[in-house]
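Student: I am attaching a structure below and will ask some questions about it afterwards.
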Amino acid sequence: MSDRSDLPAYEGPPVNVPPPPGWRVESVALTGEPRRLPPQDHAAINADEQRARLVTHWITLVSVALMFTVLVIGLLNG
């Protein structure tokens, strides 16, 4: 291994120079009033969530059945 005594010592972070007294940001951008959100169709949202839940359940059911089938075939052949 090489000797690290030939490397310069770490002197720490540079000195932070504070801003001059009385310094302030020249301007602050003012935002406008927020827009109103469009009305939501809660019945349609609930129907979409129910359909998504049904699709998720079917995909899970098919995946578990497929994994179980592969497991049984593997056990019968092994």
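The values are calculated or read from the model by the stated rules, or taken from the named source; none is laboratory data. A quick note: this is a predicted structure, and the numbers were derived from the prediction, not measured. Reconstructed Cβ throughout: ideal geometry from the backbone, glycine too, with neighbour counts over all protein chains shown.
Student: Checking the structure you have, find out if any residue of region 35-43 is among the aliphatic types (A, V, I, L, M), surrounded by 10 or more Cβ atoms within 10 Å (Cβ to Cβ) and assigned to a helix (DSSP H, G or I). So that I can check it myself, show each step before the final result.
Tutor: We begin by selecting, within region 35-43, every residue among the aliphatic types (A, V, I, L, M); these are 37, 43.
Subsequent filtering for residues that are surrounded by 10 or more Cβ atoms within 10 Å (Cβ to Cβ) retains none.
No, region 35-43 contains no residue that is among the aliphatic types (A, V, I, L, M), surrounded by 10 or more Cβ atoms within 10 Å (Cβ to Cβ) and assigned to a helix (DSSP H, G or I).
Student: Shifting gears a bit: From the list VAL70, VAL28, VAL17, which residue is out of contact with any Phe, Trp or Tyr (no Cβ under 7 Å at 6 or more places or on another chain) and at pLDDT 90 or above?
Tutor: Values: VAL28 fails: at pLDDT 90 or above; VAL17 fails: at pLDDT 90 or above.
The conditions single out VAL70.
Student: Continuing with this model, one more query. Just one of the numbered conditions (1) hydroxyl-bearing (Ser, Thr, Tyr); (2) part of a helix (DSSP H, G or I); (3) within 34 Å of the chain's Cα centre (by Cα) is not true of THR69; which one?
Tutor: (3)
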